[in-house]
Amino acid sequence: MVELPEEQRATALRHLAEIGQRRTQLLAEAERLISDLRAAAIEADRVGAKRSRISELAGVSSKTLYRWLSDAGVEVRTKKGVG
């Protein structure tokens, strides 16, 4: 049986809606995980772990780690200007 164009559009839109809903769920979960990751990184720094190791294990750049630490009120050194 041949599907009508209206049925094809409805099927495509249902599929799109399902994928969009799944994406929304995954993004919300990712935000929760990032929050947990940030807290764990700050705690690791608090107990004296090396920042390079924290960055490596967290899978984030040192720039991101230092921003998290700074936002949490942890003292971080700034880069010295050249010249």
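Numbers below:
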{"quantity": "L33 being over 30 Å from K79 (Cα atoms) and among the hydrophobic types (A, V, I, L, M, F, W, C)", "calculated": "no"}
{"quantity": "Wholly within the chain, helices (runs of 4 or more DSSP H) carrying at least 2 residues that are open to solvent by 80 Å² or more (accessible area, probe 1.4 Å), of a type in the set (S, T, N, Q) and out of contact with any Phe, Trp or Tyr (no Cβ under 6 Å at 6 or more places or on another chain)", "calculated": "5-46"}
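The values are calculated or read from the model by the stated rules, or taken from the named source; none is laboratory data. All values reported here derive from a predicted model rather than from experimental measurement. Counting neighbours? That spans all protein chains shown, and the Cβs are built from the backbone with ideal geometry, glycine included. What goes into the accessible areas is simple: the full protein's heavy atoms, side chains included, and nothing from ligands, DNA or RNA. Shrake-Rupley method; radii C 1.70, N 1.55, O 1.52, S 1.80 Å.
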